[in-house]
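Values in this text are rule-based calculations from the coordinates and carry no lab data. Everything numeric here is computed off the predicted structure, so don't read it as measured data. A quick note on method: Cβ atoms are made from the backbone with ideal geometry, for glycine too, and the neighbour counts reach across all protein chains shown.
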Ligand SMILES: Cc1cc2nc3c(=O)[nH]c(=O)nc-3n(C[C@H](O)[C@H](O)[C@H](O)COP(=O)(O)OP(=O)(O)OC[C@H]3O[C@@H](n4cnc5c(N)ncnc54)[C@H](O)[C@@H]3O)c2cc1C
């Protein structure tokens, strides 16, 4: 067993850290206030090779693995979880095409992404989030393709996306076996995107509703066979959950950096906060949870790169990192006392940004359902 990163992994992590410090951190507070992703950041990430990390080289990506994606992700999210999410979640939208796309689909759409296009993964609906099989968007067969009708909600980067991977029911009576995925270009007639939803945290990552009103999608843009959409979504989540766990790892490390600096500077009752054992133990506990979350995340990503099943490990990493991040952000606010509640200090943003980690990409409850289900299968 080897816990060392190789030279290339260390280099890309360093590049991502430098990019985060120089180009993300200075913009983070303003992007959080405005609720907008700073316009040039994605293009800069593409130029530096920090976007499309795990896209195959033949389609213009860096050709690296899920572990390298995780290393970049945690560094960007250390800079700002909102901006980091907006930049990295593109990998979630592209993964169904990597997994199930035809050569033509991969060449066209992964090629666009390599040139700097953003895409969105459109699964969740107003009446179906955790209940993936309960989606109601329909894809009815017509001559040459399908007509899609329905609506999606909470779709990350929808206002910026050049294309969407949309999940719909081709056979509504067949439960999860009646679901199919489609690639839908943003300029398809009948597709419209709502204005970004106002939200608690991760405000720099736009999320919107997407409306599908009789949208024609040619058969050539169906991903995989009819009925394969649910299993495709589950495979994609196995591959993307390590990245979402890395969102949490980056945030926990940022909580430690902010809280440690404050605890070493601020005094109370004649001592630095860090000299009060109750405070020092909080920081020690944060460090313990950081190390555990990081190792779980790397393991779940490494399994993807080995081509091995990782459903349980991906869920453990995602749930552990999300819960640890929310806990660490809460304690960071506590260590700052009243100043933790002030918008002048960064920890209130960490606290707001952390919460959604326990909700999206399968909530913490859903991850535990998956872990328990897999235990019964073993
Ligand atoms: C900022 C943000 C970005 C997002 N980005 C995307 C995106 O890009 N693409 C996309 O498709 N979706 C996206 N989502 C949607 C997200 O994945 C869903 O919100 C999430 O899956 C939860 O679904 P829900 O909101 O419908 O909650 P519900 O499914 O209604 O769940 C409500 C609560 O009940 C619990 N619960 C539900 N079912 C069970 C169960 N069987 N067992 C135990 N507990 C249960 C949940 O854990 C949760 O606590 C995003 C959401 C947010 C907030």
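Using the alpha-carbon positions of the range 118-227, Rg (one decimal) and Dmax (whole number) come out as 13.4, 44 Å.
One Cα centroid belongs to the range 153-186, the other to the range 228-245; the line between them spans 14 Å.
Subtract the Cα-Cα distance of residue 211 and residue 284 from 0.36 nm times their separation in residues, and report this length gain in nm to one decimal.
On the way: separation 73, 0.36 × 73 = 26.28 nm, distance 4.71 nm.
Length gained between residue 211 and residue 284: 21.6 nm.
Where does each of 112, 152, 349 land when they are ranked from fewest to most other beta-carbon atoms within 10 angstrom? Could you put the intermediate results ahead of the total?
Values: 112 18, 152 27, 349 22.
Ordered from fewest to most neighbouring Cβ atoms within 10 Å, 112, 152, 349 come out as 112, 349, 152.
Eigenvalues of the alpha-carbon gyration tensor of the chain, scaled by 5 and square-rooted, set the equivalent ellipsoid semi-axes at 36, 21, 20 angstrom, largest first.
Relative contact order for the range 209-313: what is it in percent, counting Cα pairs under 8 Å that are at least 6 residues apart? Write down the numbers at each step before the final one.
Details: 51 pairs, mean separation 29.5, N = 105.
28 percent.
According to the calculation over all Cα-Cα pairs in the range 7-114, the P(r) per 5 Å bin from zero is 2, 13, 24, 23, 17, 12, 6, 2, 0 %.
A straight chain from residue 5 to residue 142 at 0.36 nm per residue would run longer than the Cα-Cα distance by 44.2 nm.
Judged by the ratio a/c of the largest to the smallest principal axis of the C-alpha gyration tensor, the range 203-311 counts as oblate, that ratio being 1.5 or greater while a/b is no larger than b/c. Going by a ≥ b ≥ c, the root eigenvalues of the Cα gyration tensor, does the range 311-362 fall in the rounded group (a/c under 1.5), the prolate group (a/b larger than b/c) or the oblate group? In terms of gyration-tensor shape, prolate.
Work the Kirkwood hydrodynamic radius out for the range 247-378: mean of 1/r over every pair of different alpha-carbon atoms, inverted, in Å. If you can, show how the numbers build up before the last one.
Working: mean 1/r = 0.0638 Å⁻¹.
That comes to 15.7 Å for the range 247-378.
Take the Cα of residue 177, step 7 Å along the line toward its Cβ, and report every residue of the range 106-135 whose backbone nitrogen sits under 17 Å from that point. So the set is 133-134. Which of the three applies to the range 57-150, rounded, prolate or oblate, going by the alpha-carbon gyration tensor with a ≥ b ≥ c and a/c under 1.5 meaning rounded? It comes out oblate by the Cα gyration axes. Largest GNM mean-square fluctuation across 26, 242, 206, computed for the chain with C-alpha springs under 10 Å, falls on 26. Relative contact order for the range 7-114: what is it in percent, counting Cα pairs under 8 Å that are at least 6 residues apart? Dividing the mean separation by the residue count of the range 7-114 yields 31 percent.
Model label points for residue 133 and residue 57, set 7 angstrom from Cα along the Cα-to-Cβ axis, are 4.2 nm apart.
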